[in-house]
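Undergrad: Handing you this structure, nothing more for now.
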Amino acid sequence: MIEINLLLIFMIAGALIAVRVKDLLSSVIAVGAVGIALSLGFLILKAPDLAMMQLVVEILSLIILIRATIRKDIPFSMSGGWTFNTSATIVFLALFLAVAFFALKGMPVFGNALMRVSGAYITQSPALGAKNIVAAIMLNFRALDTLGEATVLFTAIVGVLAVARKIGHKKES
Amino acid sequence: MSPIQEKGMSLIVKTVTKLTVGFILLYGVYVALTGHLSPGGGFAGGVIVALAFIHVMLAFGKEVALRRLRSQTLRVSIGVSALIFLYIVMAGFSGRSIFNCEITIPICEMAIVGFGLFAIFTALVLLSKTDKDAE
(Lines give C-alpha, C1' and ligand atoms only; values in the text may rest on other atoms or scores of the structure.)
Protein backbone atom coordinates (compact mmCIF):
# COMPACT_ATOMS: atom_id res chain seq x y z
CA MET A 1 0.00 0.00 0.00
CA ILE A 2 3.05 2.30 -0.03
CA GLU A 3 2.37 3.29 -3.65
CA ILE A 4 -1.13 4.50 -2.81
CA ASN A 5 0.18 6.63 0.02
CA LEU A 6 2.85 8.16 -2.19
CA LEU A 7 0.27 8.90 -4.87
CA LEU A 8 -2.05 10.48 -2.30
CA ILE A 9 0.76 12.73 -1.04
CA PHE A 10 1.55 13.70 -4.64
CA MET A 11 -2.11 14.48 -5.33
CA ILE A 12 -2.46 16.62 -2.20
CA ALA A 13 0.70 18.52 -3.13
CA GLY A 14 -0.60 19.04 -6.68
CA ALA A 15 -3.95 20.29 -5.42
CA LEU A 16 -2.27 22.73 -3.02
CA ILE A 17 -0.03 24.03 -5.81
CA ALA A 18 -3.05 24.39 -8.09
CA VAL A 19 -4.83 26.50 -5.50
CA ARG A 20 -1.90 28.65 -4.40
CA VAL A 21 -0.05 29.40 -7.64
CA LYS A 22 -0.71 32.77 -9.30
CA ASP A 23 -0.41 31.78 -12.95
CA LEU A 24 -3.59 30.22 -14.36
CA LEU A 25 -1.79 27.95 -16.85
CA SER A 26 0.41 26.47 -14.11
CA SER A 27 -2.69 25.94 -12.00
CA VAL A 28 -4.43 24.04 -14.81
CA ILE A 29 -1.36 21.87 -15.36
CA ALA A 30 -1.18 21.08 -11.64
CA VAL A 31 -4.84 19.97 -11.75
CA GLY A 32 -3.92 17.74 -14.68
CA ALA A 33 -1.09 16.19 -12.67
CA VAL A 34 -3.58 15.41 -9.88
CA GLY A 35 -5.84 13.67 -12.40
CA ILE A 36 -3.02 11.61 -13.88
CA ALA A 37 -2.00 10.51 -10.37
CA LEU A 38 -5.61 9.49 -9.70
CA SER A 39 -5.54 7.40 -12.87
CA LEU A 40 -2.36 5.68 -11.68
CA GLY A 41 -4.04 5.02 -8.34
CA PHE A 42 -6.95 3.28 -10.06
CA LEU A 43 -4.43 1.20 -11.99
CA ILE A 44 -2.66 0.14 -8.78
CA LEU A 45 -5.99 -0.76 -7.16
CA LYS A 46 -6.65 -3.11 -10.13
CA ALA A 47 -9.37 -1.12 -11.86
CA PRO A 48 -8.03 -0.64 -15.41
CA ASP A 49 -11.50 0.31 -16.58
CA LEU A 50 -11.65 3.38 -14.37
CA ALA A 51 -7.99 4.19 -14.97
CA MET A 52 -8.54 4.36 -18.72
CA MET A 53 -11.62 6.54 -18.35
CA GLN A 54 -9.92 8.87 -15.87
CA LEU A 55 -6.91 9.28 -18.15
CA VAL A 56 -9.00 10.08 -21.22
CA VAL A 57 -11.34 12.44 -19.37
CA GLU A 58 -8.37 14.18 -17.78
CA ILE A 59 -6.74 14.82 -21.16
CA LEU A 60 -10.02 16.09 -22.58
CA SER A 61 -10.71 18.45 -19.70
CA LEU A 62 -7.13 19.74 -19.83
CA ILE A 63 -7.50 20.49 -23.55
CA ILE A 64 -10.84 22.22 -22.98
CA LEU A 65 -9.48 24.29 -20.10
CA ILE A 66 -6.34 25.37 -21.96
CA ARG A 67 -7.79 25.91 -25.42
CA ALA A 68 -11.22 27.27 -24.73
CA THR A 69 -11.22 29.11 -21.45
CA ILE A 70 -7.78 30.10 -20.28
CA ARG A 71 -7.20 32.90 -22.73
CA LYS A 72 -10.16 34.85 -21.46
CA ASP A 73 -9.54 37.51 -18.91
CA ILE A 74 -10.90 36.01 -15.73
CA PRO A 75 -11.51 38.47 -12.94
CA PHE A 76 -9.91 37.25 -9.73
CA SER A 77 -11.43 38.46 -6.51
CA MET A 78 -9.25 38.73 -3.42
CA SER A 79 -11.69 40.81 -1.38
CA GLY A 80 -12.99 39.70 1.98
CA GLY A 81 -11.34 39.69 5.36
CA TRP A 82 -8.36 37.42 5.85
CA THR A 83 -9.33 36.49 9.44
CA PHE A 84 -12.91 35.63 8.49
CA ASN A 85 -11.83 33.44 5.56
CA THR A 86 -9.21 31.61 7.57
CA SER A 87 -11.42 31.03 10.59
CA ALA A 88 -14.30 29.81 8.38
CA THR A 89 -11.92 27.42 6.63
CA ILE A 90 -10.62 26.05 9.92
CA VAL A 91 -14.14 25.61 11.35
CA PHE A 92 -15.42 23.77 8.28
CA LEU A 93 -12.30 21.60 8.11
CA ALA A 94 -12.67 20.63 11.79
CA LEU A 95 -16.37 19.87 11.28
CA PHE A 96 -15.62 17.74 8.22
CA LEU A 97 -12.86 15.82 9.98
CA ALA A 98 -15.04 15.17 13.05
CA VAL A 99 -17.95 13.87 10.97
CA ALA A 100 -15.61 11.83 8.77
CA PHE A 101 -13.99 10.24 11.84
CA PHE A 102 -17.30 8.88 13.13
CA ALA A 103 -18.55 7.95 9.67
CA LEU A 104 -15.40 6.11 8.64
CA LYS A 105 -15.24 4.10 11.89
CA GLY A 106 -18.33 2.14 10.82
CA MET A 107 -16.93 1.17 7.43
CA PRO A 108 -15.37 -2.22 6.69
CA VAL A 109 -11.59 -2.50 6.46
CA PHE A 110 -9.98 -1.40 3.18
CA GLY A 111 -9.96 -4.35 0.79
CA ASN A 112 -12.63 -6.39 2.61
CA ALA A 113 -15.85 -5.12 1.10
CA LEU A 114 -19.26 -6.20 2.30
CA MET A 115 -20.58 -8.78 -0.15
CA ARG A 116 -24.30 -8.41 0.50
CA VAL A 117 -25.42 -7.20 -2.93
CA SER A 118 -22.40 -8.45 -4.83
CA GLY A 119 -23.03 -12.00 -3.67
CA ALA A 120 -26.49 -11.88 -5.22
CA TYR A 121 -24.94 -10.62 -8.47
CA ILE A 122 -22.51 -13.53 -8.57
CA THR A 123 -25.11 -16.21 -7.84
CA GLN A 124 -27.82 -14.85 -10.14
CA SER A 125 -25.87 -13.70 -13.19
CA PRO A 126 -25.46 -17.13 -14.91
CA ALA A 127 -29.24 -17.32 -15.35
CA LEU A 128 -29.33 -14.11 -17.40
CA GLY A 129 -27.49 -15.40 -20.45
CA ALA A 130 -24.78 -12.75 -20.51
CA LYS A 131 -21.26 -13.56 -21.68
CA ASN A 132 -19.62 -12.92 -18.31
CA ILE A 133 -20.39 -11.46 -14.91
CA VAL A 134 -19.12 -8.00 -15.77
CA ALA A 135 -21.44 -7.81 -18.77
CA ALA A 136 -24.34 -9.08 -16.68
CA ILE A 137 -23.77 -6.44 -14.01
CA MET A 138 -23.12 -3.60 -16.42
CA LEU A 139 -25.94 -4.26 -18.89
CA ASN A 140 -28.58 -5.99 -16.76
CA PHE A 141 -28.39 -5.10 -13.07
CA ARG A 142 -27.01 -1.61 -13.56
CA ALA A 143 -28.46 -0.46 -16.87
CA LEU A 144 -30.50 2.12 -14.97
CA ASP A 145 -27.26 3.36 -13.43
CA THR A 146 -25.81 3.88 -16.90
CA LEU A 147 -29.01 5.65 -17.93
CA GLY A 148 -28.63 8.05 -15.03
CA GLU A 149 -25.02 8.74 -15.97
CA ALA A 150 -25.99 9.44 -19.57
CA THR A 151 -28.83 11.66 -18.37
CA VAL A 152 -26.46 13.77 -16.26
CA LEU A 153 -24.13 14.21 -19.21
CA PHE A 154 -27.00 14.95 -21.61
CA THR A 155 -28.34 17.62 -19.28
CA ALA A 156 -24.86 19.16 -18.98
CA ILE A 157 -24.48 19.23 -22.77
CA VAL A 158 -27.87 20.86 -23.26
CA GLY A 159 -27.06 23.41 -20.56
CA VAL A 160 -23.69 24.36 -22.05
CA LEU A 161 -25.12 24.61 -25.56
CA ALA A 162 -27.95 26.80 -24.26
CA VAL A 163 -25.62 29.14 -22.37
CA ALA A 164 -22.86 29.34 -25.00
CA ARG A 165 -24.97 29.75 -28.11
CA LYS A 166 -24.38 32.55 -30.57
CA ILE A 167 -27.99 33.69 -30.91
CA GLY A 168 -29.03 35.89 -28.02
CA HIS A 169 -25.60 37.29 -27.24
CA LYS A 170 -25.24 41.04 -27.54
CA LYS A 171 -22.86 42.16 -30.22
CA GLU A 172 -20.36 44.64 -28.93
CA SER A 173 -19.63 47.34 -31.42
CA MET B 1 -3.85 25.62 -51.33
CA SER B 2 -7.08 27.21 -50.25
CA PRO B 3 -6.99 29.71 -47.37
CA ILE B 4 -8.64 27.18 -45.05
CA GLN B 5 -5.69 24.84 -45.45
CA GLU B 6 -3.29 27.46 -44.19
CA LYS B 7 -4.94 27.78 -40.78
CA GLY B 8 -4.16 25.59 -37.83
CA MET B 9 -0.82 24.09 -36.91
CA SER B 10 2.26 23.25 -38.97
CA LEU B 11 2.55 20.80 -41.85
CA ILE B 12 4.04 18.06 -39.66
CA VAL B 13 1.12 18.11 -37.26
CA LYS B 14 -1.37 18.09 -40.14
CA THR B 15 0.25 15.10 -41.83
CA VAL B 16 0.44 13.08 -38.62
CA THR B 17 -3.17 13.97 -37.83
CA LYS B 18 -4.29 12.76 -41.25
CA LEU B 19 -2.57 9.43 -40.63
CA THR B 20 -3.69 8.83 -37.06
CA VAL B 21 -7.18 10.24 -36.69
CA GLY B 22 -8.85 7.26 -38.36
CA PHE B 23 -7.11 4.85 -36.03
CA ILE B 24 -8.11 6.90 -32.98
CA LEU B 25 -11.76 6.82 -34.10
CA LEU B 26 -11.54 3.08 -34.72
CA TYR B 27 -9.99 2.54 -31.28
CA GLY B 28 -12.81 4.50 -29.65
CA VAL B 29 -15.44 2.35 -31.34
CA TYR B 30 -13.48 -0.79 -30.37
CA VAL B 31 -13.30 0.26 -26.73
CA ALA B 32 -17.03 0.94 -26.70
CA LEU B 33 -17.96 -2.32 -28.42
CA THR B 34 -15.80 -4.65 -26.33
CA GLY B 35 -16.54 -2.93 -23.03
CA HIS B 36 -18.29 -6.04 -21.67
CA LEU B 37 -15.29 -8.30 -22.33
CA SER B 38 -12.30 -6.07 -21.63
CA PRO B 39 -11.61 -2.75 -19.86
CA GLY B 40 -13.50 0.08 -21.46
CA GLY B 41 -17.13 0.83 -22.05
CA GLY B 42 -19.38 3.33 -23.70
CA PHE B 43 -18.15 6.34 -21.74
CA ALA B 44 -14.44 5.80 -22.36
CA GLY B 45 -15.06 5.02 -26.04
CA GLY B 46 -17.15 8.15 -26.39
CA VAL B 47 -14.45 10.34 -24.90
CA ILE B 48 -11.87 8.82 -27.27
CA VAL B 49 -14.16 9.58 -30.23
CA ALA B 50 -14.56 13.16 -29.01
CA LEU B 51 -10.76 13.46 -28.69
CA ALA B 52 -10.37 12.34 -32.29
CA PHE B 53 -12.59 15.15 -33.52
CA ILE B 54 -10.90 17.65 -31.20
CA HIS B 55 -7.58 16.46 -32.63
CA VAL B 56 -8.76 17.39 -36.13
CA MET B 57 -10.03 20.72 -34.87
CA LEU B 58 -6.76 21.65 -33.13
CA ALA B 59 -4.66 20.68 -36.12
CA PHE B 60 -6.70 22.05 -39.01
CA GLY B 61 -8.74 24.86 -37.47
CA LYS B 62 -12.42 24.91 -36.71
CA GLU B 63 -13.75 25.35 -40.25
CA VAL B 64 -12.41 22.02 -41.48
CA ALA B 65 -13.64 20.13 -38.42
CA LEU B 66 -17.08 21.68 -38.57
CA ARG B 67 -17.35 20.96 -42.30
CA ARG B 68 -16.72 17.31 -41.58
CA LEU B 69 -19.23 17.11 -38.73
CA ARG B 70 -22.01 19.64 -38.88
CA SER B 71 -23.72 21.04 -35.81
CA GLN B 72 -27.11 19.75 -36.97
CA THR B 73 -25.73 16.20 -37.29
CA LEU B 74 -24.32 16.45 -33.77
CA ARG B 75 -27.64 17.50 -32.25
CA VAL B 76 -29.72 14.93 -34.15
CA SER B 77 -27.42 12.02 -33.29
CA ILE B 78 -27.27 12.98 -29.59
CA GLY B 79 -31.05 13.20 -29.40
CA VAL B 80 -31.74 9.99 -31.30
CA SER B 81 -29.25 7.96 -29.30
CA ALA B 82 -30.63 9.33 -26.02
CA LEU B 83 -34.15 8.28 -27.06
CA ILE B 84 -32.99 4.78 -28.07
CA PHE B 85 -31.15 4.41 -24.77
CA LEU B 86 -34.22 5.51 -22.81
CA TYR B 87 -36.36 3.03 -24.74
CA ILE B 88 -34.00 0.11 -24.04
CA VAL B 89 -33.80 0.74 -20.32
CA MET B 90 -37.50 1.40 -19.93
CA ALA B 91 -38.33 -1.72 -21.98
CA GLY B 92 -36.40 -3.68 -19.36
CA PHE B 93 -39.23 -3.08 -16.91
CA SER B 94 -41.70 -4.96 -19.09
CA GLY B 95 -39.14 -7.64 -19.83
CA ARG B 96 -38.76 -7.33 -23.59
CA SER B 97 -36.57 -5.36 -25.92
CA ILE B 98 -36.14 -5.52 -29.68
CA PHE B 99 -32.48 -4.54 -29.54
CA ASN B 100 -29.36 -6.48 -28.66
CA CYS B 101 -28.40 -4.71 -25.44
CA GLU B 102 -24.71 -5.61 -25.52
CA ILE B 103 -24.26 -3.66 -28.75
CA THR B 104 -26.80 -0.87 -28.57
CA ILE B 105 -26.27 0.44 -25.04
CA PRO B 106 -22.52 1.12 -25.50
CA ILE B 107 -23.09 2.57 -28.97
CA CYS B 108 -25.77 4.95 -27.70
CA GLU B 109 -23.66 6.00 -24.76
CA MET B 110 -20.68 6.47 -27.05
CA ALA B 111 -22.72 8.72 -29.35
CA ILE B 112 -24.05 10.80 -26.48
CA VAL B 113 -20.67 11.22 -24.78
CA GLY B 114 -18.53 11.66 -27.90
CA PHE B 115 -20.69 14.04 -29.87
CA GLY B 116 -21.77 15.85 -26.72
CA LEU B 117 -18.25 16.59 -25.51
CA PHE B 118 -17.23 17.69 -29.00
CA ALA B 119 -20.28 19.98 -29.08
CA ILE B 120 -19.27 21.49 -25.72
CA PHE B 121 -15.71 22.06 -26.97
CA THR B 122 -16.98 23.65 -30.19
CA ALA B 123 -19.37 25.92 -28.32
CA LEU B 124 -16.67 27.09 -25.91
CA VAL B 125 -14.18 27.72 -28.73
CA LEU B 126 -16.73 29.66 -30.74
CA LEU B 127 -17.65 31.66 -27.64
CA SER B 128 -14.15 32.82 -26.75
CA LYS B 129 -13.49 36.24 -28.17
CA THR B 130 -9.72 36.12 -28.38
CA ASP B 131 -9.83 33.43 -31.05
CA LYS B 132 -11.86 35.67 -33.32
CA ASP B 133 -9.38 38.48 -32.90
CA ALA B 134 -6.45 36.22 -33.71
CA GLU B 135 -7.86 34.97 -37.01
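The values are calculated or read from the model by the stated rules, or taken from the named source; none is laboratory data. Please read these numbers as outputs of a predicted model, since none were measured by experiment. When we count neighbours, we look across all protein chains shown, and the Cβ atoms used for this are built from the backbone with ideal geometry, even at glycine. Keep in mind that these areas ignore ligands, DNA and RNA; they rest on the heavy atoms of the full protein, side chains included. Shrake-Rupley method; radii C 1.70, N 1.55, O 1.52, S 1.80 Å.
Undergrad: Please report the carbon-and-sulfur percent of the accessible area for the protein assembly as shown; probe 1.4 Å, protein heavy atoms only, DNA, RNA and ligands left out.
TA: 72
Undergrad: Among A:157-163, B:14-20, what's the highest-first ranking by average C-beta atoms within 10 angstrom per residue? Show your work: numbers first, answer last.
TA: Values: A:157-163: 15.1, B:14-20: 13.1.
With the highest mean Cβ count within 10 Å placed first, the list reads A:157-163, B:14-20.
Undergrad: In whole Hz, with x marking every Gly and Pro, tabulate ³J(HN,Hα) for segment A:104-112 from phi via Karplus 6.51 cos²θ - 1.76 cosθ + 1.60, θ = phi - 60°.
TA: Listing the rounded values in order: 7, 5, x, 7, x, 5, 4, x, 10 Hz.
Undergrad: Please work out the ratio of the alpha-carbon Rg of the protein assembly as shown to 2.2 N^0.38 Å and round it to two decimals.
TA: Working: Rg = 22.6 Å, N = 308, 2.2 N^0.38 = 19.4 Å.
So the protein assembly as shown has a normalised radius of gyration of 1.17.
Undergrad: If you don't mind, there's one more thing I want to ask. Beyond 14 Å, what percent of the Cα pairs of segment A:1-70 remain?
TA: Every Cα pair in segment A:1-70 considered, those over 14 Å come to 60 percent.
Undergrad: Excluding ligands, DNA and RNA, what is the solvent-accessible area per residue of chain A at a probe of 1.4 Å, expressed in Å²? Don't skip to the answer; put the middle values down first.
TA: Working: 12920 Å² over 173 residues.
Heavy-atom SASA per residue in chain A reads 75 Å².
Undergrad: For the B and A pair, go ahead and give the buried accessible area with a 1.4 Å probe, both sides summed, in Å² to 100. Don't skip to the end; give the middle numbers.
TA: Details: alone 8650 and 14840 Å², together 19780 Å².
About 3700 Å² of accessible surface is lost on pairing.
Undergrad: Using protein chains only (no ligands, no nucleic acids) and a 1.4 Å probe, work out which residues of segment A:33-68 have their accessible area cut by at least 10 Å² relative to the chain alone.
TA: Residues passing the criterion (a loss of at least 10 Å², heavy atoms only) are A:PRO48, A:ASP49, A:MET52, A:MET53, A:VAL56, A:VAL57, A:ILE59, A:LEU60, A:ILE63, A:ILE64, A:ARG67, A:ALA68.
Undergrad: List the relative contact order of chain A as a percent without decimals, with contacts defined as Cα pairs under 8 Å and 6+ residues apart. Present the calculation step by step, with values, prior to reporting the outcome.
TA: Numbers: 74 pairs, mean separation 19.0, N = 173.
Once normalised by length, the contact order is 11 percent.
Undergrad: Taking amide H atoms as placed 1.01 Å from N in the peptide plane, list the residues 5 or more away in sequence, or in a different chain, whose amide H sits under 5 Å from that of B:GLY35.
TA: HN-HN under 5 Å from B:GLY35: B:GLY41.
Undergrad: A follow-up question, please. In peptide A:153-165, what is the residue-averaged number of other protein chain Cβ atoms found within 10 Å of each Cβ?
TA: Working: counts 10, 9, 0, 3, 13, 6, 1, 8, 9, 1, 2, 9, 3.
Counting Cβ atoms of other protein chains within 10 Å of each residue's Cβ and averaging gives 6.
Undergrad: Further, regarding this structure: Take the Cα gyration tensor of segment B:11-134, multiply each eigenvalue by 5, square-root it, and list the three semi-axes largest first, rounded to whole angstrom.
TA: Details: eigenvalues 189, 62, 19 Å².
So the equivalent ellipsoid measures 31, 18, 10 Å along its semi-axes.
Undergrad: Here is a follow-up. How do A:LEU50, B:LEU58, B:LEU69 rank by accessible surface area computed with a 1.4 Å probe, from largest to smallest? Let's see the in-between values first.
TA: Details: A:LEU50 80, B:LEU58 50, B:LEU69 20 Å².
Order by accessible area, largest first: A:LEU50, B:LEU58, B:LEU69.
Undergrad: Excluding A:LEU43 itself, what net charge comes from residues whose Cβ is under 14 Å from its Cβ, given Lys and Arg +1 and Asp and Glu -1?
TA: Values: positive: A:LYS46; negative: A:GLU3, A:ASP49, A:GLU58.
Charge balance in the 14 Å sphere: -2.
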